[in-house]
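As structure tokens, the structure follows; a few thoughts come after it.
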Amino acid sequence: MEKDIQSVLEMALEQGRDVLYEGKVANYIPELAKADSSNLGVCLMKKDGSIYKAGDYNIPFTMQSISKTFSLILALQTAGYDKVFSKIGMEPTGDRFDSILQLELKDWRPFNPMINAGAIVTASCIETPDPFQSFLDLVRRVCKNPGIRLNESVYLSEKKTGTRNRSIAYLLKSDHVLDGEPEDILDVYFRMCSVMITARDLARYGMLLSNHGIDPETNEQVIDTSIVRIVTTLMMLCGMYDESGEYAVKVGLPSKSGVGGGIVAISRKGVGIGTFGPMLNKKGNSVGGEKILQVLSRELHLHVFDTASF
Ligand code: GLN
């Protein structure tokens, strides 16, 4: 079995490499355009501590929208369910991750915390004296990696060019959804997006979520089970933006992507998977990462509705 997982990972990596040319690296944040388009890696961690890896699993990249899941955990931990979901909905949008459309058309609340509008409001809900430091502490603790840090150049690049996120924040402010100073909240949001992690860190995060927030080595409850349930449900419904439906059919795992090229995926069978490949499809999701996850899901029977055992 051990050997099987490793060979499936290597096969998935090869199939991922075959589709890389279909993607493009993100360039709307200038610093992200410098990514190495040939990078591709995957790491799978089981709750018994076994770990499997292939390709560029240890190369750091900025987590971008994957930060939305960590900030949601922190907002729920500090402000609570009622406050967070009085300001943000729980519905998929079917629109781009940075869309502004629904804010005017339907509801004054962002549809969900996995799109930019929702994540900016989530950042405003974190009730700690230093929200970014609390975020960094949480990421380091969850990934068991004290070396995780901010990529200053990506942060400054995004802060300088983030006019669309600024538009969203000011619109939310004018509609009284955002409490506080938009520039301060955006600064926290941009920093959170610019924290560097690896596919290995993501596999560990996914494994912890799959284990109901409990660290299997210490039995410590790192994240409350009720919060894990909310976050993973929203990942399933909205984690891949306007590709969430097709991805659910093809991969069928609660997942979250970021334009830095990362994807974290969670299997209820006690498995976390992290992938990294900066070549993105039109929806902003890693083409190589999606392909790898599709192969792993099929070969290892990980799809939520796959009845075969792992
Ligand atoms: N920092 C990025 C942005 O705000 C995150 C988007 C993403 O990863 N999809 O545009």
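The values are calculated or read from the model by the stated rules, or taken from the named source; none is laboratory data. If you're wondering where the values come from, they're calculated on a predicted model, not measured in any experiment. Note that each Cβ is placed from the backbone with ideal geometry, even for glycine, and that neighbours are counted across all protein chains shown. In case anyone asks, the SASA skips ligands and DNA or RNA and just uses the protein heavy atoms, side chains included. Shrake-Rupley method; radii C 1.70, N 1.55, O 1.52, S 1.80 Å.
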Q.
Can you give the FRET efficiency to the nearest 0.05 for Glu91 and Thr307, using r as the Cβ-Cβ distance and R₀ = 30 Å?
A. 0.55
Q: Tell me the label-point distance for the pair Met11, Thr233, using the 7 Å Cα-to-Cβ offset, in nm and rounded to one decimal.
A: 3.6 nm
Q: Please state, as a whole number in µm²/s, the translational diffusion coefficient that the Stokes-Einstein equation yields for the range 22-82 at 20 °C and 1.002 mPa s, with Rh defined as the Kirkwood radius across alpha carbon pairs.
A: 146 µm²/s
Q) For Leu280, which sequence-distant residues (separation of 5 or more, or a different chain) have an amide H within less than 5 Å of its own amide H, given hydrogens modelled in the peptide plane? A) Lys24, Val25, Ala26, Val287
Q. Of all chymotrypsin sites (Phe, Trp or Tyr not before Pro) in the range 183-220, which ones are in loop regions per DSSP and have a Cβ with at most 16 other Cβ atoms within 10 Å?
A. none
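At 222 nm, what value in deg cm²/dmol follows for the chain if DSSP H runs of at least 4 each add -39500 (n - 2.57) and the sum is divided by all its residues, to the nearest 500?
Dividing the helical sum by the residues of the chain leaves -14500 deg cm²/dmol.
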Q. So, how do all the Cα-to-Cα distances of the chain break down into 10 Å bins, in percent, from 0 on up?
A. 7, 30, 38, 20, 4, 0
Q. Fully extended, how many nm does the chain gain between Lys83 and Thr225 (0.36 nm per residue separation, minus their Cα-Cα distance)?
A. 49.3 nm
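Expressed in nm to one decimal, what extension gain is obtained for the pair Arg141 and His212 from 0.36 nm per residue of sequence separation less their Cα-Cα distance?
Working: separation 71, 0.36 × 71 = 25.56 nm, distance 1.54 nm.
Separation in residues times 0.36 nm, less the Cα-Cα distance, equals 24.0 nm.
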**Q.** Pair-distance profile P(r), taking every C-alpha pair of the range 120-266, with 10 angstrom steps and integer %
**A.** 11, 34, 40, 15, 1
Q.
What aspartates and glutamates does Lys83 reach when the alpha-carbon gap must be under 15 Å and sequence neighbours fewer than 8 apart in one chain are set aside?
A. Glu127, Asp179
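Counting pairs of alpha carbon atoms under 8 Å apart in space and at least six apart in sequence, what relative contact order in percent does the range 153-240 give? Show your work: numbers first, answer last.
Values: 41 pairs, mean separation 16.2, N = 88.
It rounds to 18 percent for the range 153-240.
Leaving out ligands, DNA and RNA, and with a 1.4 Å probe, what % of the accessible surface on the range 1-125 is carbon or sulfur?
Numbers: 2790 of 5440 Å².
Taking all protein chains in place, the range 1-125 shows 51 percent carbon and sulfur surface.
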Q.
Just to verify a number: what accessible area does His176 come out at with the full protein assembly present, 1.4 Å probe, Å² rounded to tens?
A. 150 Å²
Q: Give me the accessible area per residue for the chain, probe 1.4 Å, as a whole number in Å².
A: 41 Å²
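Expressed as a rounded percentage, what relative contact order does the chain have, with Cα pairs under 8 Å and six or more residues apart?
It rounds to 28 percent for the chain.
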Q: Round to the nearest 10 and give me the degree value, 0 to 90, for the angle of helix 287-300's Cα axis relative to the longest principal axis of the chain.
A: 50 degrees
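Taking 8 Å as the Cα distance limit and 6 or more residues as the minimum spacing, I'd like the relative contact order of the range 175-287 as a percentage. Before the final figure, lay out the partial values.
Numbers: 164 pairs, mean separation 30.9, N = 113.
With pairs under 8 Å counted, the relative contact order is 27 percent.
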Q. Which residue, chosen from Gly284, Leu300, Leu103, occupies the Cα position most advanced towards the positive end of the dipole of the chain, where the dipole is computed from +1 (Lys, Arg) and -1 (Asp, Glu) charges on Cβ about the Cα centre?
A. Leu300
(Q) Rolling a 1.4 angstrom probe over the protein chains, ignoring ligands and nucleic acids, what is the accessible area of Ser7 in square angstrom, nearest 10? (A) 60 Å²
Q. What is the extension gain from Leu150 to Ser38, computed as 0.36 nm multiplied by their sequence separation minus the C-alpha to C-alpha distance, in nm to one decimal?
A. 38.0 nm
Q. Quick one: helix 182-193 against the long Cα principal axis of the chain, what's the angle to the nearest 10°, folded into 0 to 90?
A. 10 degrees
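Based on the alpha-carbon set only, what is the convex hull volume of the range 45-145 divided per residue, in Å³? Walk me through the numbers before you get to the answer.
Values: hull volume 14.2 nm³, N = 101.
Value for the range 45-145: 140 Å³ per residue.
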Q. When the accessible area of the range 189-288 is split by element with a 1.4 Å probe, what percent falls to carbon and sulfur?
A. 50 percent
